[in-house]
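Colleague: Handing you a structure now.
The values are calculated or read from the model by the stated rules, or taken from the named source; none is laboratory data. Please read all numbers here as calculations on a predicted model, not as lab measurements. Here the Cβ is made from the backbone with ideal geometry for all residues, glycine too, and neighbour counts use every protein chain on show.
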Amino acid sequence: MEKWPIGVFTSVDAGLGVKLEVAHELGVPTIQLHAPAQETRTAENARKFLERLADLGITLTAVFGGFEGESYADIPTVVKTVGLVPPETRAARTQEMKEIADFARQLECNVVALHLGFIPHDTSEPLYAEVLEVTRDVCNHAKGNGQNVHLETGQEAADGLLQFISDVGVDNLFVNFDPANMILYGTGEPIEALKKIGSFVRSVHCKDGTWADKPGEEWGAETPLGEGDVGIETYLRTLGELGYAGPLTIEREIAQEPTRQKAEIGQAVQLLSDLKAKIG
Ligand code: MG
């Protein structure tokens, strides 16, 4: 594959991505896919989806897990509801994440990714050890499928994430770096974080945003790519310095406004194409 193929985050019937047709109309050669709802994850649907991808000449680069009951309404709600951290839903979601990995294998995709949730900062907390254990469990299952697991960034600062990956201690756990999330969650300056985590970054989101007045307590604001505080040219230059050549997957989480979403993703494709021509 060429260096830095452009990608877009898509969904079928769950999650906030654009439809496959939008990726096709915008001429985008790669996608990440939010895992479809449980009843849709059948072998028959996997086969049909693979056929459509082949027809459109689009490559699937990662399947993202997501779960019923997750809410990104505000930061405290994320802590309570997202990922494999909340104890009440952990067992069922862990099982579902393994099923999503198996569905991804049917889609011939060797990367599964997820928002793990807020990992406790105090590594002596029992919850920290529990999250290590469940992450190992998912990674071992994915390994049986020949897959790597990518953790979406944002909910942890770079140092905490590095510590966590080291403590999990498996060889198929990596990072999907989302620079805007570092800003939106207030977990750190994204370029600095990228340099620290660099050796683990195996996929990325191209998303932008502006800092909140009280970072970490309230959300920052997501913006069209190039209009936020990430600094997209510096972002790509840093990825280049780190030797990252994988897909640049655009994510714009305004699924409730599909017309605007498509237009802004089109502008993002243009921006990334221009920057690739300049520095790629
Ligand atoms: Mg993201």
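Colleague: Quick one: residue 95 ticks every box in (1) outside any strand (DSSP E or B); (2) over 27 Å from residue 136 (Cβ atoms); (3) polar (S, T, N, Q) bar one, so which box is it?
Modeller: (2)
Colleague: If the Cβ limit is 8 Å and pairs must be 6+ apart or interchain, which residue in region 254-280 that is farther than 11 Å from residue 225 by Cβ pairs with which residue that is part of a helix (DSSP H, G or I) and polar (S, T, N, Q)?
Modeller: 254/261; 255/261
Per-residue answers, yes or no, for (1) within 14 Å of residue 119 (Cβ to Cβ); (2) in contact (Cβ under 8 Å) with a residue 60 or more places away in the chain; (3) under 15 Å from the mean Cα position of the chain (by Cα):
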site: 148; (1), (2), (3): no, no, yes
site: 160; (1), (2), (3): yes, no, no
site: 179; (1), (2), (3): no, no, yes
site: 191; (1), (2), (3): no, no, no
site: 201; (1), (2), (3): no, no, yes
site: 212; (1), (2), (3): no, no, no
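Colleague: Hey, can you tell me all the residues within region 81-98 that are more than 18 Å from the chain's Cα centre (by Cα) and either surrounded by 15 or more Cβ atoms within 10 Å (Cβ to Cβ) or in contact (Cβ under 8 Å) with a residue 12 or more places away in the chain (or both)?
Modeller: Those that are more than 18 Å from the chain's Cα centre (by Cα) and either surrounded by 15 or more Cβ atoms within 10 Å (Cβ to Cβ) or in contact (Cβ under 8 Å) with a residue 12 or more places away in the chain (or both): 86, 87, 89, 90.
Colleague: Within region 160-184, track down each residue that is in contact with a helix residue (DSSP H, G or I) (Cβ under 7 Å, 6 or more places away or on another chain) and either surrounded by fewer than 18 Cβ atoms within 10 Å (Cβ to Cβ) or within 28 Å of residue 137 (Cβ to Cβ) (or both).
Modeller: 161, 162, 165, 167, 168, 170, 172, 173, 174, 175, 177, 182
Colleague: Next up: As an exercise: evaluate residue 2 against (1) part of a loop (DSSP other than H, G, I, E, B); (2) at pLDDT 95 or above; (3) acidic (Asp, Glu) and give the number of the one condition it does not meet.
Modeller: Failing condition for residue 2: (2).
Colleague: Counting only residues that are within 25 Å of residue 77 (Cα to Cα) and among the small types (Gly, Ala, Ser), which one in region 173-201 is nearest to the ligand (Cβ to nearest atom)?
Modeller: Pass one, region 173-201, residues within 25 Å of residue 77 (Cα to Cα): 175-190, 193.
In the following step, the residues that additionally are among the small types (Gly, Ala, Ser) were identified as 180, 186, 188, 193.
Numbers: 180: 7, 186: 16, 188: 15, 193: 14 Å.
Only one residue tops the list, namely 180.
Colleague: Further question on the same structure: So which residues in region 231-242 are over 19 Å from residue 261 (Cα atoms) and either touching a helix residue (DSSP H, G or I) at 6+ places or on another chain (Cβ under 8 Å) or among the hydroxyl-bearing types (Ser, Thr, Tyr) (or both), if there are any at all?
Modeller: If the condition is that a residue be over 19 Å from residue 261 (Cα atoms) and either touching a helix residue (DSSP H, G or I) at 6+ places or on another chain (Cβ under 8 Å) or among the hydroxyl-bearing types (Ser, Thr, Tyr) (or both), then 231, 233, 234, 235, 236, 237, 238, 239, 240, 242 are the ones that fit.
Colleague: Would you mind telling me which numbered condition in (1) buried (at least 17 other Cβ atoms within 10 Å of the Cβ); (2) among the aliphatic types (A, V, I, L, M); (3) modelled with pLDDT under 95 residue 73 fails?
Modeller: Result: residue 73 passes all but (1).
Colleague: Those residues that are in contact with a Lys or Arg (Cβ under 8 Å, 6 or more places away or on another chain) and in a helix (DSSP H, G or I), I need them from region 234-257; list them, please.
Modeller: Scanning region 234-257 gives 236, 238.
Colleague: So which residues in region 119-155 are within 16 Å of the ligand (Cβ to nearest atom) and surrounded by fewer than 22 Cβ atoms within 10 Å (Cβ to Cβ)?
Modeller: 152
Colleague: Run down 277, 245 and say which single residue is of a type in the set (Gly, Ala, Ser), under 19 Å from the mean Cα position of the chain (by Cα) and surrounded by fewer than 17 Cβ atoms within 10 Å (Cβ to Cβ).
Modeller: Values: 277 fails: under 19 Å from the mean Cα position of the chain (by Cα).
Answer to the check: 245.
Colleague: Filter region 104-142 down to residues that are in a loop (DSSP other than H, G, I, E, B), among the β-branched types (Val, Ile, Thr) and closer than 18 Å to residue 94 by Cβ, then give me how many there are.
Modeller: The total comes to 1.
Colleague: Quick check: is even one residue across region 84-98 touching a strand residue (DSSP E or B) at 6+ places or on another chain (Cβ under 7 Å) and among the hydroxyl-bearing types (Ser, Thr, Tyr)?
Modeller: no
Colleague: Can you name every residue in region 35-65 that is β-branched (Val, Ile, Thr) and touching a residue at least 40 places away in the same chain (Cβ under 8 Å)?
Modeller: Result: 59, 61, 63.
Colleague: Identify all residues within region 143-185 that are in contact with a Gly (Cβ under 8 Å, 6 or more places away or on another chain), part of a loop (DSSP other than H, G, I, E, B) and among the polar types (S, T, N, Q); write none if there are none.
Modeller: 155
Colleague: Closer than 19 Å to residue 275 by Cβ, of a type in the set (A, V, I, L, M) and crowded, with 19+ Cβ neighbours inside 10 Å, is that true of residue 18?
Modeller: Details: closer than 19 Å to residue 275 by Cβ: no; of a type in the set (A, V, I, L, M): yes; crowded, with 19+ Cβ neighbours inside 10 Å: yes.
The answer is no for residue 18.
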